[in-house]
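Every read-out reported here was derived from the displayed coordinates using simple, explicitly stated rules and does not represent laboratory data. Since the structure is predicted, the reported quantities are computational estimates derived from the model, not experimental observations. All Cβ positions, glycine included, derive from the backbone under ideal geometry; neighbour counts span all protein chains shown.
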Amino acid sequence: MTEKRVLSGIQPSGNLTIGNYLGALKNWDRVQDEFKCYFCVVDMHAITVPQDAATLRAATRRNAALYIACGIDPAKSSVFVQSHVPAHAELGWILTCFTSIGQLNRMTQFKDKSAKSEEIGAVGAGLFVYPSLMAADILLYQAHAVPVGDDQRQHVELTRDIAGRFNHLYGDTFIVPEVMIPPSGARVMGLDDPLKKMSKSETAPHHAVALLDPPDKVKKTLMRAVTDSGSDITFSDDPVRAGVNNLLTIYEGFTGESRAAIEAAFAGHGYGDLKKAVVEAVNEGLRPIQERYAQLTGEAGYLDSVLARGAAQAAQVASQTLTIVKEKVGFLPPVC
């Protein structure tokens, strides 16, 4: 293999937020000229918790359009829906059989999500084993790197473990991928609780800024962001100052300015000035994304053609990997 490959995806559950943008999508845009990229809307992962069918379909299309609006170029990268490439499910099952219960028990996201799911009913088995499906997503494309937010680092490490175990048992089969964390904005926190990651599935009204929020809503949400009783506007790892640090991280991500320059600019200013500056930076950053999204969704048939082409490109690569894996584990090849 001569080309370097990248795979990543986001679940179509809830509205994509500025956390998704700064932690993932902006980084995806940057790597397109260095890697052959496969970016999927991971709808199979979404159903690990209950979903309304019509809402899921609409969110899947919205995510795909936002990928492109945020800079993903379908001429450079393959944009597709996970369930449109059946090899994901097939390899997911095979890799589940090579993943221990102990490893899955250690996944922090399972603990967090299962705690929430218990409020609405029994936890489905899919929520427990979905890390092995995520491993399949990555390994199908022999990805060299996985650009994700910091919260997904544990899942990529599990993928590396699974790939290493399979390679040890059956010989070199999978490329062992590296995690690719963006230099800033890797973990944007909730505006109502800066000690918890910003989540697109959180329903609290002032928790997050969505990529399609109008300017007035962006302003209302950011101006209500939790800070503290201090006055020093500097980057800090102190949990007490998590709110201010989160606002500075968002400002850094949207402006691209250095931390030293940001701290110098806000020296002697209050939190109100900081919030106003963040509102301006975020709205200016979201404006071209929202304009491009409106253009894309207003063009009949465009998104469907992109997804069909992306799925065909993805399936061609995925089927090659799956054929090799099936042979190595001892599956009987189909009779033509």
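Give the shape of region 215-295 as rounded, prolate or oblate, defined through the alpha-carbon gyration tensor: a ≥ b ≥ c are the square roots of its eigenvalues, a/c under 1.5 means rounded, and otherwise the shape is prolate if a/b is larger than b/c and oblate if not. Taking the square roots of the gyration eigenvalues as a ≥ b ≥ c, region 215-295 is prolate. Listed by chain and number, the lysines whose C-alpha is less than 17 Å from the C-alpha of K36, apart from same-chain residues fewer than 8 away, are K4, K26, K76. For the peptides 215-222, 261-268, the ranking by packing is 215-222, 261-268, with the highest mean count of neighbouring Cβ atoms within 10 Å listed first. Rounded to the nearest whole Hz, the Karplus-based 3J(HN,Hα) values (6.51 cos²θ - 1.76 cosθ + 1.60, θ = phi - 60°) of region 192-205 follow the sequence 8, 8, x, 9, 10, 4, 5, 10, 6, 8, 6, 9, 4, x, with x at glycine and proline.
Amide H to amide H, with H built 1.01 Å from N, K196 comes under 5 Å of G190, counting only residues 5 or more places away or on other chains.
Candidates (i) 19, 27, 22, 15, 9, 5, 2, 1, 0; (ii) 23, 27, 14, 22, 12, 1; (iii) 30, 56, 13, 0; which is the computed P(r) over Cα pairs in 20 Å bins from 0, in percent? Answer by label: (iii). The aspartates and glutamates whose alpha-carbon is closer than 20 Å to the alpha-carbon of K328, local same-chain residues fewer than 8 away aside, are E90, D137, D161, D172.
Specify the inter-centroid distance of region 17-69 and region 275-313, based on alpha-carbon positions, in whole Å. One Cα centre to the other: 11 Å. Per-residue Karplus couplings for region 62-67, computed as 6.51 cos²θ - 1.76 cosθ + 1.60 with θ equal to phi - 60°, are listed in order as 5, 4, 4, 5, 5, 3 Hz, Gly and Pro entered as x.
The DSSP beta bridges internal to the chain are antiparallel in roughly 10% of cases.
Name the residues whose placed amide hydrogens come within less than 5 Å of the amide hydrogen of E178, ignoring near sequence neighbours (fewer than 5 apart) on the same chain. Hits under the 5 Å cutoff: A145, V146. When each of the peptides 207-213, 89-95, 292-298, 234-240 is scored by the mean number of other C-beta atoms lying within 10 Å of its residues, the order from highest to lowest reads 207-213, 89-95, 292-298, 234-240.
In this simple spin-label model, placing a label point 7 Å from the Cα along the Cα-to-Cβ direction at both V176 and H269 gives a separation of 4.6 nm. Taking amide H as placed 1.01 Å from N in the peptide plane, C37 has its amide H under 5 Å from the amide H of V6, S78, each at least 5 places away in sequence or on another chain.
Sorting I324, I18 from the fewest to the most surrounding beta carbons within 10 angstrom yields I324, I18. The relative contact order of region 215-295, computed from alpha carbon pairs under 8 Å that lie at least 6 residues apart in sequence, is 36 percent.
By the count of other C-beta atoms within 10 Å, a proxy for reagent exposure, H84, H155, H168 are ordered fewest to most as H168, H84, H155. Potential lengthening of the chain between S100 and D112 amounts to 2.4 nm, from the contour at 0.36 nm per residue minus the alpha-carbon distance.
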